[in-house]
Amino acid sequence: MYVPAQFAETRLEVLHALMKAHPFATFVTNAGGEILVDHLPLLLDPSAGELGTLRGHVARANPLWQRLASGGDGIAVFQGPQTYISPSWYPSKHVDGKAVPTWNYVVVHASGCPRVIDDEAWLLRLVTELSDTHEAGQEVPWKVSDAPADFTERLLRAIVGIEMPITRIVGKWKVSQNRPAGDRLGVAAGLRSRADDQSLAMAELVMQHAR
C-alpha cells in the first residue's frame, strides 16, 4: 500500500482500535500459488505477540483452509470510515480554482503467516468470544450456550479455525492532512452537512488530525 508520510499512522493502539471497531476484514492470502480473497470477521488479541494476533474461522467447505495448510502469507485489510470529498468545500478553490475531488479513508493492513486450527475446543472458545464481543450491545445478549449442545457441536464440525500472528502492520489515515487549515475546516463542515454516519465520522477524523 502506498502511504505518503503525511498519511501514515503508526501508533499501535490506534491501529488496533480501528481493527476492533471494524472487525469485518478482507482477508487476502497467497496459498498454493493462488491469490484468494475472503471476507470474514476477525477477532484481535492484542496481547498475543508483539503486534497482536488475529483469529477467525471459515466454512470447512471453503478451500482456503486446505490451501493454507501447505503454507502461505496473508493480509487482513480493515476498512474504517471512507467518503468522497468535494473540491467545492475548499475555500482555496474559490480563490484560484486549483482543486480536484478526492476520497478520504482510513485503513489498516495486518500481515502474517496464517495457520489452520482444526480443534473443536479451540473453535468453541473462538465462537464464544466472537459472540460475546458482538452481542455485548444487545439488550439480551445471545450466548453460544443458548443453543442445544448437540446442535453447536454439529456446527463446530462444519468450520475450521484460522490464526495469524501479525508480523507487519500498516495504517493509512488520509483525512485531508495535506490541505490548508481553512480547507480542512471547509471539508469538515461539508461532511457534517451530509449528516450520514460515514461523513460524520470522517469529519471528526479530519478535525482530530488537523495540523
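The values are calculated or read from the model by the stated rules, or taken from the named source; none is laboratory data. Because the structure is a prediction, the values reported are computed rather than measured. Using ideal geometry, Cβ is built from the backbone for each residue, glycine included, and neighbour counts are taken over all protein chains shown. Only protein heavy atoms, including side chains, enter the accessible area calculation; ligands, DNA and RNA are left aside. Shrake-Rupley method; radii C 1.70, N 1.55, O 1.52, S 1.80 Å.
What are the pairs, 6+ residues apart or on separate chains, where a residue within the range 129-157 that is among the acidic types (Asp, Glu) has its Cβ under 7 Å from a residue that is surrounded by 14 or more Cβ atoms within 10 Å (Cβ to Cβ)?
From the range 129-157, the pairs are Glu129/Leu43.
Can you tell me which residue in the range 11-69 is farthest from Glu163 (Cα to Cα), limited to those that are at pLDDT 95 or above and aromatic (Phe, Trp, Tyr)?
Of everything passing the filter in the range 11-69, Phe24 is farthest from Glu163 (Cα to Cα).
I'm trying to understand the selection: among the residues of the range 46-69, which are open to solvent by 40 Å² or more (accessible area, probe 1.4 Å) and in a strand (DSSP E or B)?
Across the range 46-69, the qualifying residues are Arg55, His57, Ala59.
Restricting the search to the range 1-45, which residues are touching a residue at least 40 places away in the same chain (Cβ under 8 Å), part of a loop (DSSP other than H, G, I, E, B) and small (Gly, Ala, Ser)?
Across the range 1-45, the qualifying residue is only Gly32.
Scan the range 22-42 residue by residue and report those that are within 30 Å of Ala201 (Cα to Cα) and open to solvent by 70 Å² or more (accessible area, probe 1.4 Å).
Phe24, Val37, His39
Is there a residue in the range 189-201 that is assigned to a loop (DSSP other than H, G, I, E, B), of a type in the set (S, T, N, Q), in contact with a helix residue (DSSP H, G or I) (Cβ under 7 Å, 6 or more places away or on another chain) and farther than 18 Å from Pro41 by Cβ?
No, because not a single residue in the range 189-201 is assigned to a loop (DSSP other than H, G, I, E, B), of a type in the set (S, T, N, Q), in contact with a helix residue (DSSP H, G or I) (Cβ under 7 Å, 6 or more places away or on another chain) and farther than 18 Å from Pro41 by Cβ.
For Leu123, all conditions in the list (1) surrounded by 15 or more Cβ atoms within 10 Å (Cβ to Cβ); (2) assigned to a loop (DSSP other than H, G, I, E, B) hold save one; what is the number of the exception?
Condition (2) is where Leu123 drops out.
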